[in-house]
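The values are calculated or read from the model by the stated rules, or taken from the named source; none is laboratory data. Everything quoted here is computed from the prediction, not taken from an experiment. Neighbour counts are summed over all protein chains in view; Cβ atoms, including those assigned to glycine, are modelled from backbone coordinates with ideal geometry. Note: areas computed on protein heavy atoms with side chains; ligands, DNA, RNA excluded. Shrake-Rupley method; radii C 1.70, N 1.55, O 1.52, S 1.80 Å.
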Amino acid sequence: MPVLSRGRHRNPKRGACFMELASYLAGERWSDHPACTHPLLAALARLVNDNIGDAQRGRLVELVPSIIGLTSDDLRVDAHIALRCATTALPVAAAERQLALAVSVLAAEEMLARLDGRPPGRLSERSRAAMEQVPQAAAQARKFSRAARITEKGFRRYAAPNAVQLAVVGIVQACVPDPDPLLRDLLAGAIADCAALIQAGETRQAVTNPLPVPLS
């Protein structure tokens, strides 16, 4: 079994990053971009793998099987990953990163409201709690967000990946005694969010398009 370590690896004998091990267990071609996982969730896994300490990286192994098969074209998945990342990092990030993270929270919430057909402006409990811890950045982010409207394509290609990148860097550079447990919890929480969302989507699809009943 390959041992988890930083970066990309040419083959399992040289070790593996989180997503390379996922490709190995899924029976796919050796890659850190396997088809078995949502691209944004895989990006988060690679960032956590590369930024967590060596002592804690081994604890990520138990999460690898749970990421296999989590893939969907539903933009809600991207939005929930971005929201989990931004709300986790915002309360601990340095002041210079808080505005960008607060904007990421609002962008993800707006996208979810749009996709679900809800009125914009209402925050989830998790987002509200995170924003309340940085009131100055939250106020600035609201002013910025009112002047900008992001497209669904722009959110998927730029805003959501930026939120993930900002969050991991913000946690790594945060003034906390040990960011490693927070990084692991972030990845575990994102995996759980995606699993629940994708399962719910599959259930809705099955109800909407039931299998035909064979005629007797």
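Relative contact order for the range 101-193 using alpha-carbon pairs under 8 Å, separation at least 6, rounded to a whole percent?
Details: 44 pairs, mean separation 29.3, N = 93.
Computed over the range 101-193, the figure is 31 percent.
For the chain, count the residues as N, evaluate 2.2 N^0.38 Å, and divide the Cα radius of gyration by that value, please.
On the way: Rg = 18.4 Å, N = 216, 2.2 N^0.38 = 17.0 Å.
In units of the 2.2 N^0.38 Å rule of thumb, it is 1.09.
Any idea what the dipole of the range 1-96 comes to, in debye rounded to 20, about its Cα centre with Lys/Arg Cβ at +1 and Asp/Glu Cβ at -1?
Charge dipole of the range 1-96: 380 debye, to the nearest 20.
Magnitude of the Cβ-charge dipole of the range 48-159, K/R +1 and D/E -1, about the Cα centre, nearest 20 debye?
It comes to approximately 440 debye.
Given all pairs of different Cα atoms, what value in angstroms does the Kirkwood hydrodynamic radius of the range 45-131 take?
Averaging 1/r across every pair of different Cα atoms and inverting gives 14.7 Å.
Keeping all protein chains in place, calculate the accessible area per residue for the range 65-114 (probe 1.4 angstrom), answer in Å².
32
Apply the membrane-span-like helix rule to the chain: whole DSSP H runs, Cα extent along the own long axis of at least 15 Å, mean Kyte-Doolittle hydropathy at least 0.5. List the helices found. The partial results should precede the final answer.
Values: long enough: 39-51 (18 Å, 0.63); 75-89 (21 Å, 0.59); 95-116 (32 Å, 0.58); 135-146 (17 Å, -1.03); 160-172 (18 Å, 1.65); 180-208 (42 Å, 0.47).
Sorted by number, the helices that extend far enough and score high enough are 39-51, 75-89, 95-116, 160-172.
Provide the packing ranking of 34-44, 80-90, i.e. peptides ordered by the mean count of other C-beta atoms within 10 Å per residue, highest first.
Numbers: 34-44: 21.6, 80-90: 27.5.
Ranked by mean Cβ neighbours within 10 Å, highest first: 80-90, 34-44.
Would you compute, from DSSP H runs of 4+ residues alone, the mean residue ellipticity of the chain at 222 nm, taking -39500 (n - 2.57) per run and dividing by the full residue count, rounded to the nearest 500?
Estimated from H runs of four or more residues: -18500 deg cm²/dmol.
Suppose a student asked you for the relative contact order of the range 1-84, using Cα pairs under 8 Å spaced at least 6 residues apart; what percent would you report?
About 28 percent, as a whole number.
What's the center-to-center distance, using Cα atoms, between the range 37-55 and the range 170-184 in Å?
The two parts, judged by their Cα centres, are 14 Å apart.
Ignoring ligands, DNA and RNA, please state the percent of accessible area on the chain from carbon and sulfur, probe 1.4 Å. Don't jump to the answer; show the numbers that get you there.
Details: 6300 of 11640 Å².
Of all accessible area on the chain, carbon and sulfur atoms account for 54 percent.
Can you tell me the dipole magnitude for the chain around its Cα centre, using point charges on the Cβ only (Lys, Arg +1; Asp, Glu -1), in Debye to the nearest 20?
So the dipole magnitude of the chain works out to roughly 480 debye.
As an exercise, identify the trypsin sites (Lys or Arg not before Pro) in the range 143-200 lying in DSSP coil whose Cβ has no more than 11 other Cβ atoms within 10 Å.
Details: sites: K143, R146, R149, K153, R156, R157, R184; in loops: R149.
Filter output for the range 143-200: R149.
Report the one residue of C85, V61, T71 whose Cα lies farthest in the direction of the positive end of the charge dipole of the range 53-130 (charges on C-beta: Lys and Arg +1, Asp and Glu -1; origin at the Cα centre).
C85
Given Cα pairs under 8 Å that are at least 6 residues apart, what percent is the relative contact order of the chain? Walk me through the intermediate numbers first.
Numbers: 285 pairs, mean separation 50.0, N = 216.
It rounds to 23 percent for the chain.
Could you tell me whether the range 93-173 comes out rounded, prolate or oblate from its Cα gyration tensor? Rule is a ≥ b ≥ c as square roots of the eigenvalues, rounded for a/c under 1.5, then prolate if a/b exceeds b/c, otherwise oblate.
Oblate, since a/c reaches 1.5 and b/c is not below a/b.
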